1. Measure up Lys17/Lys234; Lys133/Lys234; Lys9/Lys72; Lys74/Lys133; Lys12/Lys79 against 18 Å on the Cα-Cα distance and list the ones that go over.
2. Would you kindly state how much longer the chain becomes between Ile121 and Phe68 on full extension, computed as 0.36 nm times their sequence separation minus their alpha carbon distance, in nm to one decimal?
3. Return the whole-Å distance between the Cα centroid of segment 45-70 and the Cα centroid of segment 128-165.
4. For Leu88 and Tyr198 in the same chain, what is the full-extension length gain: residue separation times 0.36 nm, less their Cα-Cα distance, in nm?
5. Under a 1.4 Å probe, what is the accessible area of segment 172-232 per residue, stated in Å²?
6. Sum up the charges of everything whose Cβ sits under 13 Å from the Cβ of Phe85, counting Lys and Arg as +1 and Asp and Glu as -1, but leave Phe85 out.
7. Compute the FRET efficiency between Val24 and Phe214 as 1/(1 + (r/R0)^6), taking r as their Cβ-Cβ distance and R0 = 25 Å, and round to the nearest 0.05.
8. Along each of its three principal axes, how wide is the spread of alpha-carbon positions in segment 157-244, in whole angstrom units, largest first?
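The values are calculated or read from the model by the stated rules, or taken from the named source; none is laboratory data. What you see is a predicted model; the values in this text were computed from it and never measured. Reconstructed Cβ throughout: ideal geometry from the backbone, glycine too, with neighbour counts over all protein chains shown. These area figures cover heavy atoms from the full protein model, side chains too; ligands, DNA and RNA do not enter into them. Shrake-Rupley method; radii C 1.70, N 1.55, O 1.52, S 1.80 Å.
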Amino acid sequence: MQATELQTKFEKIRANKWFEIFVVSVIVASALLVGAKTYELPAGFGSVTLLMDWFISAFFLTEITIRFLGEKRKRHFFKSFWNVFDTLIVVVSLIPAENTDLALIARLVRVFRVLRMISIIPELRILLVSLVKALPQLGYVMLLMFIIFYIYAAIGSTLFEAINPELWGDITISLLTLFRVMTFEDWTDVMYETMAVYPLSWMYYLTFIFFTAFAFLNMVIGIVVNVMEQENEKARREADDTSQEPSLGDIMAKLNELESRLKTPPSDRQNGA
């Protein structure tokens with residue numbers, strides 16, 4: 001019974017909104033601490049930052065332990081990618097970051113601790129999962145975009161090489177120039193330079209911008225938004241299924257009520273009825 005009550009307490013702590021807010025605050029503080037170490041701090045702040053770093057590491061270890069103890073099925077805890085990711089970050093961040101051969105690795109891992117915010121905040125988790133699941137569909141769009149890039153780069157290198165070899169000298173340089181055009185980085189200067197020799201070359205740039213900056217990028221946005229809607233719908237269904245399942249506290253309350261009724265003599269139960 002004590003183990004079950006302890007399980008319920010850890011489950012309530014893990015689901016507590018204020019606890020989640022405090023965890024996010026510590027993650028933000030960890031990120032700010034990493035940024036502060038890139039500056040030249042006064043001598044007295046060295047020990048303060050070291051103590052804060054160890055406090056954050058100890059808190060993360062405590063937090064992941066609470067989440068593990070609050071899990072109903074502990075065998076399934078590490079079946080979640082986010083739990084494995086959090087545990088790995090926490091364990092590796094316990095490596096001493098000062099005066100050791102692994103100090104560089106430890107400092108790099110402390111930078112990645114800010115990624116724990118993704119696993120804590122469900123909305124960020126949905127965004128990342130949506131982006132990953134959209135990659136197969138985005139791959140075909142990127143392949144088609146590369147084909148368009150390659151065709152236009154070959155045309156540009158053939159026509160405009162004599163005008164400006166620094167921008168159109170070969171196909172690889174032409175690809176970089178076209179990327180500059182697609183991102184609208186002073187692309188009009190490039191266009192006016194070629195229009196001085198080929199007055200109709202504006203058609204080359206406008207059609208390229210239409211295909212890449214407008215058509216293909218909107219296709220990418222549409223695919224990501226569509227996958228995000230699917231993931232949001234999936235999350236809502238899982239939330240509804242979870243809300244319908246009785247919690248451990250409800251089950252224990254019903255068991256205690258049933259136990260007390262069984263201990264009550266039949267005559268008292270009839271009088272109570």
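1. Lys17/Lys234; Lys74/Lys133; Lys12/Lys79
2. 17.3 nm
3. Cα centroid of segment 45-70 versus Cα centroid of segment 128-165: 46 Å apart.
4. Residue separation times 0.36 nm, minus the Cα-Cα distance, leaves 33.7 nm.
5. That works out to 58 Å² for each residue.
6. +4
7. Taking R0 as 25 Å, the efficiency between Val24 and Phe214 is 0.10.
8. Its Cα atoms span 71, 22, 19 Å along the three principal axes.
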